[in-house]
Amino acid sequence: MNPVTSAVGRPQDPPPPAPAGRRRRIDDWRPEDPLFWEAGGARIARRNLVFSVLSEHIGFSVWSLWSVLILFLGPEYGIDPAGKFLLTAVPTLVGAALRLPYTVAVAVFGGRTWTVISALALLVPTVLAAVVLEPGVTYTTLLIVAAVAGVGGGNFASSMANINAFYPQHLKGRALGVNAGGGNLGVPAVQLLGLLVLATAGAGHPRLVVLVYIPLIVLAALAAALRMDNLGGPRPEGRPLREVGRHPHAWAVSLLYIGTFGSFIGFGFAFGQVLLVQFPDDFPTPVRAASLTFLGPLLGSLVRPLGGVLADRWGGARVTFWTFAAMAASTALVLTASRHDSLPLFLAGFVLLFVLSGLGNGSTYKMIPALYRAAARRRVAAGADPEAAQRRAHQHANALMGIAGAVGALGGVLINVAFRQAFLSGGTGEPAYLAFLAWYVLCLVVTWAVYLRRADPV
């Protein structure tokens, strides 16, 4: 068989056929080679992206399940608003902690294998919730079951690390944005389902929300097993998570991701409860709150791929900088609306925050592979082997995606805790809004000082 010549004049073997059989393993993967990509690589990558999105989407729905279930917990459950905010904070915390091992799991088990395992793990919190949800259940039991739902938060990290390996550098922003945005849509999806159940069956049937997801989880795991692929190649050299943890950029990017993804997931979990507590006259029933809760997460999820596309074109740091500037202005609008008891302004400010956090999610994550690609170029210029430098850059980028994803998700915990304390102490969310405003200003300054002032801004 004659070799083909790549665009840079280097002979290459023809791309291997799509894997067949039960193993579905690809040992030769060269997405940066244009001929390889056009001859079949793009098709294989798209197929894996589609089924990755499906599994991650359901994972996000399970992770955010308790943002919906708390709307069903009426007076008969004996839980005050502070207790409900805690029920949404606990799965956020567990999901954040699981993102680190989930990132490593892709390299150990393979993307396809781990997608199947992590999808089937979602059966545990859904079945448990279906069993225990009834008046008379103890608050401790609900906390434990809510904590188990955190497994859905880990799916994001493994899915992003897996898809990052399938795409060439110039398409990573778009691919990661689509993957994450499709997953993020799991938040408004479960909220819309909750609204449907509340409006039709009533608040006495929370199990119906949970039972819908059990067959969907099985189908997602089966689809991943049949249609996704494991990428072969050498195991990560050294300990990428530990190595990346020593890099200042790991913590700078993580701080920014607290501001973007932490805002998205924190507001997504808490918004319905915030409306019920801050505007009780406008939202006398959970159905009224649920009718608006899904809108912000839906728009934020839909624009996340746009954040990646804009970052591909203009640079992740530049897009992130202007996103934080707009988030600070939107938070000021929310604070003003809260002080003047203006529901229309309040809703407008929060919808803007959701949209902007979605854009920032995409642009911030695009910065990660760009940072390590620049580091790889510097190593090659210093005499390092190009292939080894690129492999190390890819491994470090995956590791930072896990770290940033974990730390960023902690922002969702902080938002729920901030709301809980604000409403406990003063009956209003204004102290929390002031804290959010200060954080966005800090992120704005860090983005400019660390990334936009560089000789080669990312």
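The values are calculated or read from the model by the stated rules, or taken from the named source; none is laboratory data. Computed from a predicted structure; not experimentally measured. Here the Cβ is made from the backbone with ideal geometry for all residues, glycine too, and neighbour counts use every protein chain on show. Only protein heavy atoms, including side chains, enter the accessible area calculation; ligands, DNA and RNA are left aside. Shrake-Rupley method; radii C 1.70, N 1.55, O 1.52, S 1.80 Å.
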- Query: Residue check, LEU171 against (1) of a type in the set (A, V, I, L, M); (2) open to solvent by 10 Å² or more (accessible area, probe 1.4 Å); (3) modelled with pLDDT of 95 or more, all met but one. Which one?
  - Reply: (3)
- Query: Across region 20-47, what is the number of residues that are part of a helix (DSSP H, G or I) and either of a type in the set (Asp, Glu) or within 19 Å of GLY405 (Cβ to Cβ) (or both)?
  - Reply: 1
- Pick from region 342-372 the residues that are of a type outside the set (A, V, I, L, M, F, W, C), open to solvent by 20 Å² or more (accessible area, probe 1.4 Å) and in a helix (DSSP H, G or I): which of them is farthest from ARG318 (Cα to Cα)? PRO344
- Item | Complete set of residues in region 117-136 that are closer than 15 Å to ALA220 by Cα, among the hydrophobic types (A, V, I, L, M, F, W, C) and open to solvent by less than 40 Å² (accessible area, probe 1.4 Å) | ALA119, ALA121, LEU122
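The rows are residues; the columns are (1) among the polar types (S, T, N, Q); (2) open to solvent by less than 20 Å² (accessible area, probe 1.4 Å); (3) touching a residue at least 40 places away in the same chain (Cβ under 8 Å); (4) not in a helix (DSSP H, G or I).
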| site | (1), (2), (3), (4) |
| --- | --- |
| ALA374 | no, yes, yes, no |
| GLY383 | no, no, no, yes |
| GLY405 | no, yes, yes, no |
| VAL417 | no, no, yes, no |
| GLN421 | yes, no, no, no |
| LEU424 | no, no, yes, no |
| THR428 | yes, no, yes, yes |
| ALA432 | no, yes, no, no |
- Query: Restricting the search to region 76-116, which residues are of a type in the set (Lys, Arg) and either surrounded by fewer than 19 Cβ atoms within 10 Å (Cβ to Cβ) or over 15 Å from ASN230 (Cα atoms) (or both)?
  - Reply: LYS84, ARG99
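Looking at the structure I just gave you, is GLY181 assigned to a helix (DSSP H, G or I), within 17 Å of SER363 (Cβ to Cβ) and in contact with a helix residue (DSSP H, G or I) (Cβ under 7 Å, 6 or more places away or on another chain)?
Yes: the conditions hold for GLY181.
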- Evaluation of PRO206 against (1) open to solvent by less than 40 Å² (accessible area, probe 1.4 Å); (2) within 23 Å of the chain's Cα centre (by Cα) (one fails), failing number: (2)
- Confirm whether ALA329 is hydrophobic (A, V, I, L, M, F, W, C), open to solvent by 10 Å² or more (accessible area, probe 1.4 Å) and free of Cβ contacts under 8 Å to residues at least 12 places away in the same chain. yes
- Item | Tabulated pairs, region 206-231, first farther than 16 Å from TRP63 by Cβ, second open to solvent by less than 40 Å² (accessible area, probe 1.4 Å) and among the aromatic types (Phe, Trp, Tyr), C-beta under 6 angstrom, 6+ apart or interchain | PRO206/PHE72
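Can you find even one residue in region 273-289 that is of a type in the set (Gly, Ala, Ser) and at pLDDT 90 or above?
No, because not a single residue in region 273-289 is of a type in the set (Gly, Ala, Ser) and at pLDDT 90 or above.
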- Query: Restricting region 194-203 to residues that are surrounded by fewer than 20 Cβ atoms within 10 Å (Cβ to Cβ) and touching a residue at least 40 places away in the same chain (Cβ under 8 Å), which is farthest from TRP66 (Cα to Cα)?
  - Reply: ALA199
- Query: Taking interchain pairs and intrachain pairs at least six residues apart, which have beta carbon atoms under 8 angstrom, with the first residue in region 254-281 and farther than 30 Å from GLY316 by Cβ and the second β-branched (Val, Ile, Thr) and part of a helix (DSSP H, G or I)?
  - Reply: GLY272/VAL68; GLY272/ILE70; GLY272/THR293; GLN273/ILE70; GLN273/THR88; LEU275/THR293
